[in-house]
4 protein chains.
Amino acid sequence: MGYHIEPGVMYMMPTHFGPLSGPRQGPDLKPFNHVASPKSTTYTVSFLTDADQLEALCPPGFAVAGEPVVTIASVHLTEVEWLAGRGYNVLGVMFPVTYSGERDRAAGPLLAVLWENLADPILTGREQIGFAKIYAEIPAPIIRGNETHLSASWLGFRFVDIAIRNLIAVPPANYPPPPEVARDGIALGMLHYKYIPGTGQDSTPDADYAVLQPNGYSQARTTALWRGEGSVQFHAASWEDMPTQYHIVNALASLQIKQARGASLSTSIGGEDFSRQRRLR
Amino acid sequence: MGYHIEPGVMYMMPTHFGPLSGPRQGPDLKPFNHVASPKSTTYTVSFLTDADQLEALCPPGFAVAGEPVVTIASVHLTEVEWLAGRGYNVLGVMFPVTYSGERDRAAGPLLAVLWENLADPILTGREQIGFAKIYAEIPAPIIRGNETHLSASWLGFRFVDIAIRNLIAVPPANYPPPPEVARDGIALGMLHYKYIPGTGQDSTPDADYAVLQPNGYSQARTTALWRGEGSVQFHAASWEDMPTQYHIVNALASLQIKQARGASLSTSIGGEDFSRQRRLR
Amino acid sequence: MGYHIEPGVMYMMPTHFGPLSGPRQGPDLKPFNHVASPKSTTYTVSFLTDADQLEALCPPGFAVAGEPVVTIASVHLTEVEWLAGRGYNVLGVMFPVTYSGERDRAAGPLLAVLWENLADPILTGREQIGFAKIYAEIPAPIIRGNETHLSASWLGFRFVDIAIRNLIAVPPANYPPPPEVARDGIALGMLHYKYIPGTGQDSTPDADYAVLQPNGYSQARTTALWRGEGSVQFHAASWEDMPTQYHIVNALASLQIKQARGASLSTSIGGEDFSRQRRLR
Amino acid sequence: MGYHIEPGVMYMMPTHFGPLSGPRQGPDLKPFNHVASPKSTTYTVSFLTDADQLEALCPPGFAVAGEPVVTIASVHLTEVEWLAGRGYNVLGVMFPVTYSGERDRAAGPLLAVLWENLADPILTGREQIGFAKIYAEIPAPIIRGNETHLSASWLGFRFVDIAIRNLIAVPPANYPPPPEVARDGIALGMLHYKYIPGTGQDSTPDADYAVLQPNGYSQARTTALWRGEGSVQFHAASWEDMPTQYHIVNALASLQIKQARGASLSTSIGGEDFSRQRRLR
């Protein structure tokens, strides 16, 4: 009498009302085209830290690769097609790792945490593709002369401040090339660790596996790029300040900043839907 | 070198920064006591609808039980201990069902959808205990004389309006008794259907099972109760209005309202952490 | 051809659409009855400071009277009739003064500044009755056991934190008596200094006068009262942090806290519309 | 002992903490330079209406001039220097009028009402320069292909929807020329009617006069311009929906739309501080 989950169609809770409409499946169950949208403005700041501190943040099968450089990236999105033209802002923290599983090897940045200021992409991102997304308020940048200030807060507690300054335009000829899709037989892309607890006492996790977002599928074209200087400061929080996220913020606040590694601002059009996201074993 | 997931400890994404702090595990990995908090103000409105319409919303193993009465309940929570004393508001839709699995039988209201105005309990509720929680703005009630008005919106589109009026105080001697924990050998409690998609094309779901929140564990004491009349109206939405939830709201807007079945307002202290939530088979 | 301002009727900009509807004039041009609404929850914290510091904040004709005790009061209002049943929160700073004008003498607390989290009462309060209201985010209190925490922010910069603890219920027999309306021939009430600049270079102010909110017209009845301990901390702000209010917050942050003078929590029903507010000369 | 208002310096309530810092006077009492900021994105939609309906909205001394065309303009501002680099959004309604006073004659658009989503510029605009500013939520535009959707709400009640479509870029050679500063001896600029009620029963208004914002002082340079089609719909509101603004919205909702008169989108850099705003007599 009731409904059944149709095979080959994407659902999320609540499943009772039919298939979802989200980034990877629109209202007619078709994917979106990511050529003309979204529009993105991306701010990054990087710094060199202590390798051991990053190593301690690596999930099973992962190890820090190369220089222990942490990058904080904040992307301000508009004209997002799957949100019918609305936008939202994100702020993520990543560092370079390799993954060695029983079957797969991969390398790229590990997306350690991604704050977003809208619940809908947090849910689709966590459950469909294993992004470690959590909620924060991420206001529009404050721009004074050649300084740009970004921040993020949780229910009024501002836990990170970013400043970018002295940006210099990069000529299009010097834009970075498209990312490689593999190197030395190792798949390249953004890496994630999907973990969904099981329900019920003493249950095993419903999901507990590494995930690769392979390079090579994004249709984003850079429309402008600047490079300059930047700094980032995470503010230590008590449990009372951020009862669900204090452990995350405090770990980031404790990272040594050994050397600033520059900042950037870029704008782009187009993107991808991460439908090639795949489980690693 | 990296970290490992400790057995017997609760985690959620991002797992890299250690165990979570949430409703069922505090900052010292201990549970909270739910005797003196939270404080809840609960508004309900019920109506008789068409059984076939509800039947169509039943997931595998579920069937409508008894009268097809839909109840909308909005709970406004304060002094929530796991949020270090903050609060949030929720609005849920439920109707009575039975569940018959290979092994388990259970009965109670199916929580078809639960809107909440804070991302943190949405994430813990979906992933840890299979609640079909999604995001909405749920403002404080508007109270004019003997009328109370509630509503919920998604990014400015108001999709439901509730009015409650002519409330009459119920004497404590007439408060409802505690819910039964079983009847005729069937476990009783709120029912849910946990569904987490797998990651990767053609993957099977990471979770796809019925969940029971068994009666008998809540420490909530009713401190006041009123009964009266009420009405609820869901507003049909286009994909453009609510690109991620229009199918949910439209299904609810299409439910026949055959007869009003009253409204209530209650206040209570205490609650439960749903740690007895269990998977049904 | 156009409209004219009707005498005896209240208007505010924009005047083009007819008389205003606000706290002192409803949609039928009639006043509201303030017996059964609003409902108020009021938190106060007081401290002894340096008299000279307060004296420097006194406008022409005003002087500090008696002990230089500063009181911070935050009122959380619901069921506000002129807002058709909605609510809002305020946070004010006051200290005792006398006013001696050419004609009038008055005494009572000077409302030095009043933050409110809704623009509508800010506009009516400033323009109609000379309250020094400005905008802030004022969230619901955070309550953990016997501690209550209040705060206020401006676009994410938290400029004040208040903590109240160890509240003990006051029996109704010990509730404070209604305020006196005069003493020694001096009118008593809350005092304000209305100032509206003129438009045009080198213009004189449109308004520049003291205002009295006379005691004796409120219909508020205290429904519960507690007294306890409290502390308040204003956080110094740079122009970049609070470009329109930094001078206010910094003056308050610089006040010496010589001695704590207690805190209170009270609830009440009813109020007044301040229509007896009058200009002092 | 107390403070005095310094002549030649701008103040607003609360005056007790020293001169204001705002659009026309920065933290060092100096004006801001409006060459490199703010950045503005402006959307306009116009329609022909009934002259008598507009005539009824004209304050004393004003009359509709020429075609009764109503223009709704929404400006989304960023990098606002007096807000230390923050931004805000506004939505105004205007129509062409002439003003004939005892001494002055002027012509230009009357700014009938201007909604803004931030209290600080509402206060400075109303009190310093007589703009009829009131509060609304004004979200970022929703952009889907060649359609842009704008809206405004008051505490969740959406009172206006604007759609703009089929925009075609205008070549810089065809940008409109700078506005004339006078014609036939009549001063040209935006017109306003400043009205501040007096405090106290039976008092005369503190301000009640026409105001001219003369053309010729803006440093805004158009950086891009498109023209296309557009529509606007105000939604009638009950007192319960918008207790402080229903009369404004309903008057606008009742305006006949006889003919669409096009829409535009433009971006610009720079502006003015309206310090030449002057009282007309």
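Collect residues whose amide H, placed 1.01 Å from N in the peptide plane, falls under 5 Å from the amide H of A:I134; neighbours closer than 5 in sequence don't count.
A:L114, A:W115, A:E116
Would you mind calculating the relative contact order of region D:33-272 from Cα pairs under 8 angstrom and at least 6 residues apart, reporting the percent as a whole number?
Averaging sequence separation for qualifying contacts and normalising by length gives 24 percent for region D:33-272.
Taking the axis that carries chain B onto chain C, what is the nearest Cβ in chain B, and at how many Å, to the whole number?
B:A140, 4
What is the log10 of I(q)/I(0) for region B:106-164, computed with the Debye formula using one identical point scatterer on each Cα and no solvent, at q = 0.20, 0.23, 0.25, 0.31 Å⁻¹?
Ignoring solvent entirely, the Cα scatterers give -0.84, -0.95, -1.01, -1.17.
Output needed: percent of Cα pairs per 10 Å distance bin for region A:170-259, bins running from 0 to the one holding the longest distance.
Per 10 Å bin, starting at 0, the Cα pair percentages come out as 12, 19, 32, 28, 8, 1.
Compute a Gaussian network model of chain A, connecting alpha carbons closer than 10 Å, and tell me which residue from A:P141, A:P176, A:P31 fluctuates the most.
A:P176
Search the structure for amide H atoms under 5 Å from the amide H of C:A207, placed 1.01 Å from N in the peptide plane, and list their residues when 5 or more places away or on another chain.
Under 5 Å from the amide H of C:A207 lie the amide H atoms of C:I196, each far enough along the sequence or on another chain.
Which whole-Hz ³J(HN,Hα) couplings does region C:210-223 yield from phi under the Karplus relation 6.51 cos²θ - 1.76 cosθ + 1.60, θ = phi - 60°, glycine and proline marked x?
6, 9, 10, 9, x, 5, x, 10, 7, 9, 5, 10, 5, 9
Suppose you put the label 7 Å out from Cα in the Cβ direction; list, shortest first and in nm with one decimal, how far D:D202 is from each other copy's label.
3.8, 8.5, 9.0
Taking C:A169 in one copy and the same position in all the others, each labelled 7 Å out along Cα→Cβ, what are the pairwise distances from the first, in nm, shortest first?
The answer, with the shortest distance listed first, is 1.5, 7.1, 7.2 nm.
Once the label point is set 7 Å along the Cα-to-beta-carbon vector, what list of distances in nm do you get between A:E67 and its counterparts in the other copies?
Going from nearest to farthest copy, the values are 6.2, 6.3, 7.2 nm.
If you bin the C-alpha pair distances of region C:27-94 every 10 Å from 0, what whole percents do you get?
With 10 Å bins starting at 0, P(r) equals 18, 32, 23, 24, 4.
When the Karplus curve 6.51 cos²θ - 1.76 cosθ + 1.60 is applied with θ = phi - 60°, which whole-Hz ³J(HN,Hα) does each residue of region C:16-25 get, with x for Gly and Pro?
5, 9, x, x, 6, 10, x, x, 10, 7
If you line up the long axis of helix A:119-129 against the longest principal axis of chain A, both from Cα atoms, how many degrees apart are they, to the nearest 10?
70 degrees
Taking θ = phi - 60°, what integer Hz values does the Karplus form 6.51 cos²θ - 1.76 cosθ + 1.60 yield along region D:90-100, in sequence order, with x for Gly and Pro?
9, 8, x, 10, 9, 8, x, 9, 10, 10, 10
How many Cβ atoms of partner chains, on average, are near each residue of C:55-62 if near means within 10 Å of its Cβ?
The mean count of partner-chain Cβ atoms within 10 Å per residue comes to 5.
Would you tally the net charge around D:G228, using a Cβ to Cβ cut-off of less than 13 Å, leaving D:G228 out, and scoring K and R as +1, D and E as -1? Display every interim value, and only then the final one.
Details: positive: D:R165, D:R227, D:R261; negative: D:E147, D:E229.
Spelling it out: positives minus negatives among the neighbours equals +1.
Hey, with R₀ at 22 Å, roughly what FRET efficiency would B:E229 and B:A173 work out to, going by the Cβ-Cβ distance, to 0.05?
0.45
Set the Förster distance to 51 Å, then compute FRET efficiency between D:T204 and D:R183 from the Cβ-Cβ distance, nearest 0.05.
FRET efficiency, D:T204 to D:R183: 0.90.
Rg to Rh for region B:33-272: what is it, with Cα atoms only and Rh by Kirkwood?
For region B:33-272, the value is 0.95.
Give the cross-link partners of A:K194 among the lysines, using a straight C-alpha distance below 16 Å as the criterion and excluding same-chain residues fewer than 8 apart.
Partners within reach: A:K133.
Could you work out the percent of alpha carbon pairs in region D:78-199 separated by over 18 Å, rounded to a whole number?
Of the Cα pairs, 67 percent sit more than 18 Å apart.
Hey, could you pull the Cα Rg and Dmax for the protein assembly as shown, both in Å?
Radius of gyration, then largest Cα-Cα span, for the protein assembly as shown: 30.4, 94 Å.
Under a 5 Å amide H to amide H cut-off, with H placed in plane at 1.01 Å, what residues pair with D:A65 once short-range neighbours are removed?
Correct list: D:V97, D:T98.
Every number in this text was worked out from the coordinates using simple rules, so none of it is lab data. If you're wondering where the values come from, they're calculated on a predicted model, not measured in any experiment. Using ideal geometry, Cβ is built from the backbone for each residue, glycine included, and neighbour counts are taken over all protein chains shown.
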